[in-house]
Amino acid sequence: QVQLVESGGGLVQAGGSLRLSCAASGPTFRGYAIAWFRQAPGKEREFVAALTRSGGRVGQPDSVKGRFAISRDNAKNTVFLQMNSLKPEDTAVYYCAAANNYYGSRADNFGSWGQGTQVTVSS
């Protein structure tokens, strides 16, 4: 089973940018669908972005569409989430997750999870 470690979170002002990284150990990312989720205090875990096993991007929620982009570097076994034009409502713990195939954007479709990285956007 793949192990995932997120990094790159931090404190940023509204309108700024951050790039999150999700590094994998074990089997390479090429055999997995990879997704980013986020969870704010008191809220359910929310789907943000995903890549299918073949590397295709799936549809994103309106809350992040046009601002967040997922990408993959196979040589580095790493998936990235580029976040631009950040808003205070983007504040959350961000998680990457892996599945042996993409079955949809529900969190319970993904069996491997990282520990999360905190993103805080100040107004």
So the carbon and sulfur contribution to the accessible area of the chain, 1.4 Å probe, in percent, is 46 percent
Run the numbers for residue 25 and residue 120: contour at 0.36 nm per residue of separation, minus the present Cα-Cα distance, in nm.
31.5 nm
For the stretch 77-114 and the stretch 15-43, write down the distance between their C-alpha centroids in whole Å.
4 Å
With a cut-off of at most 11 other beta carbons within 10 Å, and DSSP calling the residue loop, which trypsin sites (Lys or Arg not before Pro) in the stretch 1-48 qualify? Please list them.
43
Let me spell out the model: positive unit charges on the Cβ of Lys and Arg, negative unit charges on the Cβ of Asp and Glu, origin at the Cα centre of the stretch 1-55. What dipole size does that give, in debye rounded to 20?
120 debye
Determine, from the Cβ-Cβ distance of residue 62 and residue 101 and an R0 of 22 Å, the FRET efficiency 1/(1 + (r/R0)^6), rounded to the nearest 0.05.
0.30
Can you give me the relative contact order of the stretch 1-74 as a percent, contacts being Cα pairs under 8 Å and 6 or more apart?
22 percent
If you place +1 on the Cβ of every Lys and Arg and -1 on the Cβ of every Asp and Glu, how big does the dipole about the Cα centre of the chain come out, in debye to the nearest 20?
280 debye
Of 88, 61, 41, which is the most mobile in a GNM of the chain whose springs link Cα atoms less than 10 angstrom apart?
41
To the nearest 20 Debye, how big is the dipole of the stretch 22-78 about its Cα centre, given +1 on the beta carbon of each Lys and Arg and -1 on that of each Asp and Glu?
100 debye
Anisotropy class of the stretch 62-123 from Cα gyration tensor, a/c 1.5 cut
prolate
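The values are calculated or read from the model by the stated rules, or taken from the named source; none is laboratory data. Quantities reported herein were computed from a predicted structural model and do not represent experimental measurements. For neighbour counting, all protein chains shown are included, and Cβ atoms are generated from backbone atoms with ideal geometry for every residue, glycine included. Heavy atoms of the whole protein, side chains included, go into the accessibility calculation; ligands, DNA and RNA do not. Shrake-Rupley method; radii C 1.70, N 1.55, O 1.52, S 1.80 Å.
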